[in-house]
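Presented below is the structure to which this report refers.
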Amino acid sequence: EIVLTQSPTTMAASPGEKVTITCRASSSVSYMHWFQQKSGTSPKPWIYDTSKLASGVPDRFSGSGSGTSYSLTISSMEAEDAATYYCLQRSSYPLTFGSGTKLEIK
Amino acid sequence: EVQLVESGGGLVQPGRSLKLSCAASGFTFSNYYMAWVRQAPKKGLEWVATISTSGSRTYYPDSVKGRFTISRDNAKSSLYLQMNSLKSEDTATYYCARPNFDYWGQGVMVTVSS
């Protein structure tokens, strides 16, 4: 099983601040996928195939990485970006999610 | 418009069974693998099952293998999750999703408690 370790677990950022969330895999994966979830709602696809933004995602978001190390970056934090973000690997079964990063606005 | 609508959740006693359904519309259901994902209260996401287009291949994590069965009816554009021998740790919101997780249902709550 590929374990995904996200960091940080929680963080708070000020408007305009750059934010980076990392996801490390216990074994190499081909791609990483990211989801945004706000309280009481279903997860939304956010970044797929490591660096492609899902429909409607602002271009202040970006994704990068390879092998066992991946990241999601927000170039300039906005209030609407406050949410929990999860990474997912679909390279091998069992599919696994990271434990999530709760991002809050200062 | 793609829609996935789950149903069948509720309160069930430990050791009992429950069957979830997911009605799909807005896409050619029979062309897609489908999946179930769950989320325990205030916890993270956990993949539960995936099924191939024909239903001939199914995949599960160890946490539910042997207790849960995913199935589908392509004629009805419906996905199912039969959950047997339920445990308190199965308490969660269950989502159905397309295999790329580009579309998710609204989720259905399952509570396992005596």
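The values are calculated or read from the model by the stated rules, or taken from the named source; none is laboratory data. Note that the coordinates shown come from a computational prediction; the quantities given were computed from them, not determined experimentally. So basically every Cβ, Gly included, is an ideal-geometry build from the backbone, and we count neighbours across all protein chains shown. When the accessible area is computed, the model is the full protein with side chains, heavy atoms only, and any ligands, DNA or RNA have been set aside. Shrake-Rupley method; radii C 1.70, N 1.55, O 1.52, S 1.80 Å.
Brief remarks on what is shown
- Residues that are open to solvent by 50 Å² or more (accessible area, probe 1.4 Å) and outside any strand (DSSP E or B) were ranked within the range B:31-46; the one that is nearest to residue A:7 (Cα to Cα) is B:43.
- Checking each residue in the range A:8-28 for being within 14 Å of chain B (Cβ to nearest Cβ) and either open to solvent by 10 Å² or more (accessible area, probe 1.4 Å) or assigned to a loop (DSSP other than H, G, I, E, B) (or both) picks out A:9, A:10.
Residue-by-condition table, conditions (1) more than 12 Å from every other protein chain (Cβ to nearest Cβ); (2) touching a Pro at 6+ places or on another chain (Cβ under 7 Å); (3) of a type outside the set (Val, Ile, Thr):
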position: B:9; (1), (2), (3): yes, no, yes
position: B:15; (1), (2), (3): yes, no, yes
position: B:58; (1), (2), (3): no, no, no
position: B:62; (1), (2), (3): no, no, yes
position: B:79; (1), (2), (3): yes, no, yes
position: B:93; (1), (2), (3): no, no, no
position: B:96; (1), (2), (3): no, no, yes
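- Of the numbered criteria (1) surrounded by fewer than 20 Cβ atoms within 10 Å (Cβ to Cβ); (2) under 28 Å from residue A:54 (Cα atoms), the one residue B:101 fails is (1).
- Residues that are assigned to a strand (DSSP E or B) and farther than 19 Å from residue A:42 by Cβ within the range B:81-97 comprise B:82, B:83, listed in sequence order.
- Qualifying residue in the range A:57-76 (condition: modelled with pLDDT of 95 or more, under 23 Å from residue B:61 (Cβ atoms) and buried (at least 18 other Cβ atoms within 10 Å of the Cβ)): yes
- When the residues of the range A:29-56 are filtered to those that are more than 10 Å from every other protein chain (Cβ to nearest Cβ) and open to solvent by less than 40 Å² (accessible area, probe 1.4 Å), the one that is farthest from the chain's Cα centre (by Cα) is A:29.
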